[in-house]
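Single-structure report; data block below.
The values are calculated or read from the model by the stated rules, or taken from the named source; none is laboratory data. Keep in mind it's a predicted model, so treat the numbers as computed, not measured. Counting neighbours? That spans all protein chains shown, and the Cβs are built from the backbone with ideal geometry, glycine included. To get the accessible areas, we keep the full protein, side chains included, count just its heavy atoms, and leave off ligands, DNA and RNA. Shrake-Rupley method; radii C 1.70, N 1.55, O 1.52, S 1.80 Å.
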Amino acid sequence: MSDNPRVAYMLQHGPLPHWVKVARQQREQKAQEAQRAADAAQAEPEPDLPRGRHRAPRRWWGWPATAISSTLLLGLTTLETLGRTLTHEIGIPT
């Protein structure tokens with residue numbers, strides 16, 4: 001038995017303290033739990049991601065802003081043209 005390095009160490013330094021044994025057991029237990037969790041994760045297929053809220057919203061203001069500004073510009077041009085015409089027909093100098 002003196003050939004065994006563990007036995008030689010124990011004979012030279014004395015027996016291991018209790019906390020070393022407990023720590024080793026806890027490490028082994030955590031390793032087993034991690035292995036079980038990894039096996040369970042591989043067995044279950046990953047769920048599909050839901051569509052919708054995770055995406056960035058589309059820019060909605062482009063076309064409506066163009067339509068509103070075009071309508072306002074057309075209305076202003078029409079009002080200006082009608083205003084000139086009406087004031088010229090009535091005889092009010094502008």
Original post:
Per-residue HN-Hα couplings for the range 39-48, Karplus 6.51 cos²θ - 1.76 cosθ + 1.60 at θ = phi - 60°, whole Hz, x for Gly and Pro?
Top reply: 5, 5, 5, 6, 6, 8, x, 6, x, 5
**OP:** Quote the accessible area belonging to Asp39 in square angstrom, nearest 10, computed with a 1.4 Å probe and with ligands, DNA and RNA left uncounted.
**Re:** 80 Å²
Subject >> Inter-label distance for Leu16 and Thr66, nm, one decimal - labels placed 7 Å from Cα along Cα-to-Cβ >> reply: 7.5 nm
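For a Förster distance of 25 Å, can you work out the FRET efficiency between the beta-carbons of Arg24 and Glu46, rounded to the nearest 0.05?
0.10
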